[in-house]
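Report on the following structure.
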Amino acid sequence: MENLIDITKYKIGVVGAGSWGTALANLLALKGAVIDLWVFEDDVRRQIEEKLENESFLSGIKLSPNIKPTGDIEKVSRDKDMILLVVPSHVMRETAEKMKPFVSVNTVFVSASKGIENQTYLTMCGVLKEVLTGVPEKNFAALSGPSFAREVGEMSPTVVTAASSDSDVAGFVQQIFATPYFRVYKNTDVVGVELGGALKNVIAIAAGISDGLDLSLNTRAAVITRGLAEIRKLGLKFGADPNTFLGLSGVGDLLLTCTGELSRNHTVGKLLGEGKSINKILSEMKMVAEGVKTAKSVYNLAIKLEVELPICEEVYHILYDGYSPRDAVHRLMTRSLKDEFGD
């Protein structure tokens, strides 16, 4: 690929060694960068050190020896040109607080985590901006789009978006990650990109519920289409560019997560539709389904902003109030048609 920067000149840290963090760390390491990878679990760190494989979260993918796993947050944070954060959204603030004493204000921080904080309703870049005071706003970026970690690990052609309020920073992130199998477009609508990535997980739970109830492809298509309308509706309240939701981090990510067998959120929804309780589902999952916690943020945001998000609201009630999935479908289908347009 022409005109790409020499990644070996940059010091890069990756925070979070789940499936997505590991896949992205490996992508960068295979380009020649030495990657300090912060690993929370000791057993995962040992797996990567001794076997060059993350058996717990990305089994079967051989990892580059350029990945240097560590439990030392200072080592991963200090003197870095770029830090990629790939931790569950509910621990983003806590993790950023641990990093804060060691980071430079000149570092570019890239969030590849998708969620909305329950207490503050901030996106992940919003959380980072609030914690890492002194860092210019332009140095916070988001990486999002239709991308399963395993398929990136297998080098399947994948296309995503890098977003920063500064086009040059977005371009830097674009070139850092670009490979012949991982194409990156840039965007300056950070909030739109992040909201698309977060809300699609809630809609994916709804699509999974539809499939778990053994409803039709018609139904799934309706969930996806009307779900996109809800994402757009909330995004506009935040000042996002409506065109963002027609792109990779909007409809692209939504389609993948609502239909792909590797989607954790779709899996949660499918099991709910089949009659399992959310507590049992989560107790049997090793990886995080971000849509479960994001559903609570979205529900409360809808009330606060006085915006109607029927699908998201039903998902919340199923998850947190024990509502019947089949009854939720009936309520959605029999809602008042007054002032309803086919957007």
Task: Lone qualifier among Asp42, Asp81 - being within 17 Å of Leu143 (Cβ to Cβ) and among the acidic types (Asp, Glu) - done: Asp81
Open item on the list: From the list Ile209, Ile176, exactly one residue is closer than 24 Å to Leu309 by Cα and either in contact with a helix residue (DSSP H, G or I) (Cβ under 7 Å, 6 or more places away or on another chain) or assigned to a strand (DSSP E or B) (or both). Which is it?
Closed with: Ile209
- [ ] Please tell me if Asn201 is surrounded by 24 or more Cβ atoms within 10 Å (Cβ to Cβ) and polar (S, T, N, Q).
- [x] yes
Task: Residue match in the range 251-261 (condition: loosely packed, with under 15 Cβ neighbours inside 10 Å, farther than 23 Å from Ala163 by Cβ and at pLDDT below 95) - done: yes
Open item on the list: Condition (residue is crowded, with 17+ Cβ neighbours inside 10 Å, out of contact with any strand residue (DSSP E or B) (no Cβ under 7 Å at 6 or more places or on another chain) and of a type in the set (Lys, Arg)) applied to the range 271-291: is it met by at least one residue?
Closed with: no
Task: Residues of the range 280-310 satisfying the condition of being over 16 Å from Ile209 (Cβ atoms) and either without any contact (Cβ under 8 Å) to a residue 12 or more places away in the chain or among the acidic types (Asp, Glu) (or both) - done: Ser283, Glu284, Glu290, Ile303, Glu306, Glu308
Open item on the list: Restricting to the range 125-150, name every residue that is farther than 10 Å from Val190 by Cβ, in contact with a strand residue (DSSP E or B) (Cβ under 9 Å, 6 or more places away or on another chain) and hydrophobic (A, V, I, L, M, F, W, C).
Closed with: Val127, Leu128, Leu132, Val135, Leu143, Phe148, Ala149
- [ ] Just give me the residues in the range 311-343 being of a type in the set (Gly, Ala, Ser) and modelled with pLDDT under 95, in sequence order.
- [x] Ser336, Gly342
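Residue-by-condition table, conditions (1) assigned by TED's automatic domain parsing to the domain that holds Val110; (2) in contact (Cβ under 8 Å) with a residue 24 or more places away in the chain; (3) touching a Gly at 6+ places or on another chain (Cβ under 6 Å):
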{"position": "Arg183", "(1), (2), (3)": "yes, yes, no"}
{"position": "Lys200", "(1), (2), (3)": "no, yes, no"}
{"position": "Ile209", "(1), (2), (3)": "no, yes, yes"}
{"position": "Gly212", "(1), (2), (3)": "no, yes, yes"}
{"position": "Leu236", "(1), (2), (3)": "no, no, no"}
{"position": "Gly239", "(1), (2), (3)": "no, yes, no"}
- [ ] Could you grab the pairs with beta carbons closer than 9 Å, sequence gap of 6+ or different chains, first residue in the range 148-163 and at positive phi, second one at pLDDT 95 or above and of a type outside the set (S, T, N, Q)?
- [x] Met155/Leu27; Met155/Leu30; Met155/Pro180; Met155/Tyr181; Met155/Phe182
Open item on the list: Can you pull out every residue in the range 28-43 that is under 21 Å from the mean Cα position of the chain (by Cα) and over 22 Å from Tyr10 (Cβ atoms)?
Closed with: Phe40, Glu41
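The values are calculated or read from the model by the stated rules, or taken from the named source; none is laboratory data. A quick note: this is a predicted structure, and the numbers were derived from the prediction, not measured. Cβ coordinates were reconstructed from backbone atoms using ideal geometry, including for glycine residues, and neighbour counts include every protein chain displayed.
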